[in-house]
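Below you'll find the structure, written out as structure tokens, and then a few comments.
Each value in this text was obtained by applying a stated rule to the coordinates, not by laboratory testing. The model shown is predicted, which means the values in this text are computed figures rather than measured ones. With ideal geometry, Cβ positions are generated from the backbone for all residues, glycine too; neighbour counts draw on all protein chains shown.
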Amino acid sequence: MKVFVTGCTGYIGSHTCVELLEAGYEVAGLDNFSNSKKSVLDRIKEITNKEIKFYEGDMLDKNILEKIFSENKIDIVIDFAAYKSVGDSVQKPVEYYINNVSSVLTLLSVMQKYNVKKLLFSSSATVYGTPEVMPITEEAKVGGTTNPYGTSKLYVEGILKDLAYADKDFKICVFRYFNPVGAHPSYLIGEDPLGVPANLMPYICKVATKELPYLNVFGNDYNTLDGTGVRDYIHVVDLAKAHINGIEKLNNTDKNLHIYNLGTGKGYSVLEMVKTFEKVNNIKIDYRIVERREGDVDECYADSSLAEKELNWYATLGLEDMCRDAYNFSLKKY
Ligand code: WQD
């Protein structure tokens, strides 16, 4: 079975490609390296001793998609390719809607043309906006998103709902990721954003490796245990493995649309993350409390029992594993 992975050299995309190859799937991949490096392809080969059929290009380019679908018999598409920084999206809404929404419409039109009707879509917990009830189930109200990144994911979920209703041959699985962190145990792939990281864990890692002087903690006046933001951090390998279960679900379901929260069900604050990172890696992380970041919410953590029940999947790795693996990956310079 051949899987087409968009954003295949990205953080979650690369870890999922490793799991797909090790599970025996053939993989065709597309990436424009807007937030990743070409060397990730070599690392994936080093880990799995297998290769992806790789195409360099942009999801907005219908020609490259036509080339991929005409040269490969694609059974399932996993769509990761998107910009993903909450803070960045507040500054650049148009770029986010073009890249995160228009590109999916281009992809869906080519899928329809080639009669490829199984899709796993990478969505986000940010579609819940400012959640009212914790932990968050899939029944929770979506909307009221606080940043264009989250809104872009909400728009695509609406498009997919309409498509699933209109075309009963489509089988769609939407994964709402909480906060993916950590790295593959080989430490050959991990979270390696270009430039200054927007997300907490890669920023902490750059402080740990002395590439940045200290962490800015965005506010300590939230309605949480210690006043800092609480999130549901999930190890990227646990998250990648869920996509194997998602493919199995798509191959064995009568429902057109499934939506799952992928988290651990536990929330940790920024300061809890810092303290755990320091303990696990025996290192000091300097930080300063600064003002809140626009678009952030107080707390956000998952009830993932539906994924456990229907996908037979659950997170197995804890915060200490995430801190250890993220740091060890950051120590290797590629
Ligand atoms: C986590 C916490 C910040 C950086 C986003 C997307 C989500 C996912 C992960 C795709 C918050 C605080 C952060 C820093 C800080 N994306 N923080 N100093 O915004 O919860 O989630 O990224 O997979 O879909 O929405 O993640 O890591 O940016 O922030 O204090 O330098 O850390 O305020 O409380 P976020 P994050």
DSSP-defined beta bridges in region 191-333 - what % are antiparallel, rounded to 5:
25
Label-point separation, SER186 to LYS275 (7 Å along Cα→Cβ), nm
3.6
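Shape call for region 113-204 from the C-alpha gyration tensor, a ≥ b ≥ c root eigenvalues: rounded (a/c under 1.5), prolate (a/b greater than b/c) or oblate?
Oblate, since a/c reaches 1.5 and b/c is not below a/b.
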So how much slack lies between ASN282 and ASN220, counting 0.36 nm per residue of separation and subtracting their Cα-Cα distance, in nm?
19.9 nm
Going 7 Å from the Cα of GLU320 along its beta-carbon direction, which residues of region 276-313 have the amide nitrogen within less than 20 Å of the resulting point?
276-285
With a 10 Å cut-off between alpha carbons and a GNM built on the chain, which of GLY246, GLY144, GLY265 moves the most?
GLY144
Added length on full extension, which subtracts the Cα-Cα distance from 0.36 nm per residue, LYS332 to ILE289:
12.6 nm
Report the residue, chosen from SER85, SER124, SER109, that carries the largest GNM mean-square fluctuation when the chain is represented by alpha-carbon nodes joined by springs under 10 Å.
SER109
Compute the separation of the alpha-carbon centres of region 237-262 and region 1-48 and state it in Å as a whole number.
18
Helix-only estimate, please: 222 nm mean residue ellipticity of the chain, summing -39500 (n - 2.57) across DSSP H runs of length 4 or more and dividing by its residues, to the nearest 500.
-11500 deg cm²/dmol
Site GLU308, offset 7 angstrom along Cα→Cβ, radius 18 Å on amide nitrogen, limited to region 171-214, gives 176-179
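Plugging the Kirkwood radius over Cα pairs into Stokes-Einstein for region 226-296, at a temperature of 20 °C and a viscosity of 1.002 mPa s, what D comes out in µm²/s? Can you show the working numbers first?
Working: Rh = 15.4 Å.
It comes out at roughly 139 µm²/s.
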Straight-line reach from LYS255: which lysines have a Cα under 27 Å away, not including same-chain ones fewer than 8 places off?
LYS2, LYS73, LYS113, LYS117, LYS118, LYS141, LYS153, LYS161, LYS168, LYS171, LYS241, LYS309
How many times 2.2 N^0.38 Å is the alpha carbon radius of gyration of the chain?
0.94
Kyte-Doolittle mean at least 1.0 and Cα extent at least 15 Å along the axis: which DSSP H helices of the chain qualify?
103-113
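As an exercise, use a Förster radius of 25 Å and the Cβ-Cβ distance of THR137 and ASN252 to find the FRET efficiency, rounded to the nearest 0.05.
0.60
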